[in-house]
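The values are calculated or read from the model by the stated rules, or taken from the named source; none is laboratory data. Just so you know, these numbers come straight off a predicted model, no measurement behind them. Ideal geometry is used to build each Cβ from the backbone, glycine not excepted, and the neighbour counts take in all protein chains shown.
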Amino acid sequence: MKKGFIIALSAILILGATAGICCGVAASVFGSTTEKVIVIDAGHGGIDAGVLGITTKTKESDINLAIAKHLKSYFADAGFKAILTRTNNGGLYGTSSKGFKMRDMKERKRIIEENKADMVISVHQNFCPLPSRRGAQVFFDKNSGQGKSLADLIQNSLNEMDECTKKTSALVGDYYMLKCTDNPSVIVECGFLSNADDEKLLISDDYRKKIAYAIFKGAVSYYS
C-alpha cells in the first residue's frame, strides 16, 4: 500500500471522527482507490418492508435505504466508485407474483457481478422477540477470510460508537447476499427495531448519518 494512500486514509478517518462526516475529501486524494467498486445493498424494498419498528412501525426497508445513501456519499467523497443496488423505495423483483423474493435476490447478485464489486455491504435492521436485545451486528460468510476481516473492522468501528451499550464480535451468517461475490461481503444489521431505544436512534437522520460513517470508517480501513 502506497504511503500517500495511508496518509490520506488517516486524514479522512481523523476528519470524520472529528466532524462526524467525510468532509467532502476529493477523489484524487485516494489515487488508486478510484478503481475500487463498492456495492451498497439496501435490504428489502417494495412489498417486502422487512421488519417494522416496535413503536413507530417504521419500515426496515426505508431505514436501510436512508443509511445506504449516506454510506454511498461517504465512499464517493473518498474517491471510490459506489453503487446502490436499490435507489428508491421499490423492490428489485419486477412483478409481485410468486417467487418475487428470489427474483429480488438474483437481481441484487446480478448488479454485484455486473459491476465487478470489490466489496459488498448489505444494510439491514434486526428484530428479536426479546425486546431488550439491541445494538449493531455484522455478519460474514464462514468460507470467506476476506469477509471476516472486513466484518471485524466494521464491527470494531460500530463498537466504538458512543451509542454502543455492549461490544460484540462479528458473526458467521448463512445468507444469500454473502455468497454473491468472491470478494469481501458483509451484512450489517444496524440495530434492533424490536428495541424502543434502538428504534428511536434509527428513525433519526442524524444517527443514520453517524452509523453510516462508522460503517464507512471500518470498511475503508480494510484497504489500509
**Message:** Test of understanding: among Asp152, Asp182, Asp198, which residue is more than 16 Å from the chain's Cα centre (by Cα) and over 21 Å from His44 (Cα atoms)?
**Reply:** Asp182
**Message:** I want to confirm something. Restricting to segment 85-116 and keeping residues that are touching a helix residue (DSSP H, G or I) at 6+ places or on another chain (Cβ under 8 Å) and of a type in the set (Gly, Ala, Ser), which single residue is modelled with the highest pLDDT?
**Reply:** Gly91
**Prompt:** Taking segment 33-84 as the region of interest, how many residues are within 15 Å of Asp118 (Cβ to Cβ) and not in a helix (DSSP H, G or I)?
**Reply:** 12
**Asked** Taking segment 99-117, which residues are of a type outside the set (A, V, I, L, M, F, W, C) and in a loop (DSSP other than H, G, I, E, B)?
**Response** Gly99, Asn115, Lys116
**Asked** Can you pull out the helices (runs of 4 or more DSSP H) entirely within segment 118-224 that have at least 1 residues that are over 20 Å from Leu84 (Cβ atoms), of a type in the set (S, T, N, Q) and without any contact (Cβ under 8 Å) to a residue 24 or more places away in the chain?
**Response** 145-159
**Which listed residue, of Ala76, Ala82, is within 17 Å of Ile215 (Cβ to Cβ), modelled with pLDDT of 95 or more and surrounded by 17 or more Cβ atoms within 10 Å (Cβ to Cβ)** = Ala82
**Top-ranked residue in segment 55-75 [being hydrophobic (A, V, I, L, M, F, W, C) and in contact with a helix residue (DSSP H, G or I) (Cβ under 6 Å, 6 or more places away or on another chain); ranked as nearest to Ser97 (Cα to Cα)]** = Ile63
